[in-house]
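Let me begin by presenting the structure, written as C-alpha cells, before commenting on it.
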Amino acid sequence: MCGEAEHPNRRVPSHACRDAQGWLWVYSVPDVEPDSGPYEIPCADQKGYLTVRERIEMPGPLDAVAENALDVPHTAFVHAGLFRKNKDRRPIEVIVRTSRDRVEAEFVGEERPKGLVGRFLAPKGGEVFHWDRFILPCIAQVEYRLGERSHIITTAALTPRTPTVTDLFATVAVKAPIPNTILRTVVKPSAMHIVRQDVEILQRQTEQVRRFGGEEFVSTEIDVLGLRIRKLLREAATGHLREADEERRIKMLV
Ligand SMILES: [Fe+2]
C-alpha cells in the first residue's frame, strides 16, 4: 500500500456515476468521462405529479423486456380487463417514427380504455393521446394523456444483468384529478399487478426460448416496435447509428 500510487496493479477501473432523479446512474464504459448527463426522466418530481419508483427483476433479455413494456396488442390478453378487452377492439392508426437513437409509436384515435385503469384516470372520458418509445441505450417509456387533466408517464431504465435477467428501474409520474394521497394507494398496487402479469408472460417466453434452444421470433406488422428495438440495439453495439428519420403508418386493432 505504500509508494507507487500509479502502479497499474493498484488500480481498478473507475466508472463515472451520477445521482439524479432518485436513481444512481453508472456509465458502463470504464475510465471515460461521459460528455453528457444521464437520460432526464420527464415529469418526475414535478409539481402536480405523484412520482413512484420501483426496481423490478424481469425474466428475459433487455430487448424482450423492452418490447414487452411497449407492446400494445398483448394488453388485451395478458392484462385482460385492466386496459382493454378482446371483444372491445376497434381499428386505430399507429404512426411509427424512427430516428437515430429512438423509435416511437403514436396511437391516434384510441378511445379511453374501458378497463379499471382508464376509468380511474379519466372518470369523464375524453380524448386519449398515447405514445410508446424506446430510446437508446435502454429507456422504455409509455406516455398517456387522458382528457385535459390526466397524464401518466412511465419511464423504465433497463440494465441487463444476465442474458436472461434484466433489471427494470421504473419511474411512474402521474397527474390526475384525484388527491395524491388517494392516487398513491392505487398507483403502486395496480402497477405491481400489471408487472406480475408481465413477469409471468416473460417467464414463459424465456422458458420456451430455452426449450427450443434459441430465439426464432416471427413478427407481424402490428409488432410495431420489437424489430426496431433490436435493430437500434444492434446498431448501437456496432457503433453504426443510422442518420435517416423514417415514418410509417399502419392500422391496428386495439
Ligand atoms: Fe404488459
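Each reported figure results from applying straightforward, stated rules to the coordinates on display, with no laboratory input. Keep in mind it's a predicted model, so treat the numbers as computed, not measured. Cβ sites come from the backbone with ideal geometry, for glycine too, and all protein chains shown count toward neighbours.
Quick notes on this one:
- With contacts taken as Cα pairs under 8 Å and at least 6 residues apart, region 46-253 reaches a relative contact order of 31 percent.
- Each Lys and Arg adds +1 at its Cβ and each Asp and Glu adds -1 at its Cβ; summed about the Cα centre, the chain shows a dipole of about 1140 debye.
- With only the Cα atoms considered, region 46-253 has a convex hull volume of 127 Å³ per residue.
- Largest GNM mean-square fluctuation among 35, 63, 132, using the chain with Cα springs under 10 Å: 35.
- Considering only alpha-carbon pairs that sit under 8 angstrom and 6 or more positions apart, the relative contact order computed for region 3-153 is 14 percent.
- Listed residues 47, 188, 231, most fluctuating in the chain (Gaussian network, C-alpha, under 10 Å): 47
- The residue among 181, 169, 212 whose Cα reaches farthest toward the positive pole of the charge dipole of region 159-254, with charges on the beta-carbon of Lys, Arg, Asp and Glu, is 181.
- For the chain, hydrophobic long helices are taken as DSSP H runs at least 27 Å long by C-alpha position along their axis with mean Kyte-Doolittle hydropathy of 1.0 or more; none is present.
- Within the shell of other residues whose beta carbon sits under 15 angstrom from the beta carbon of residue 97, the net charge comes to -2, with Lys and Arg scored +1 and Asp and Glu -1.
- Separation between Cα centres of region 5-43 and region 156-179, rounded to whole Å: 20 Å
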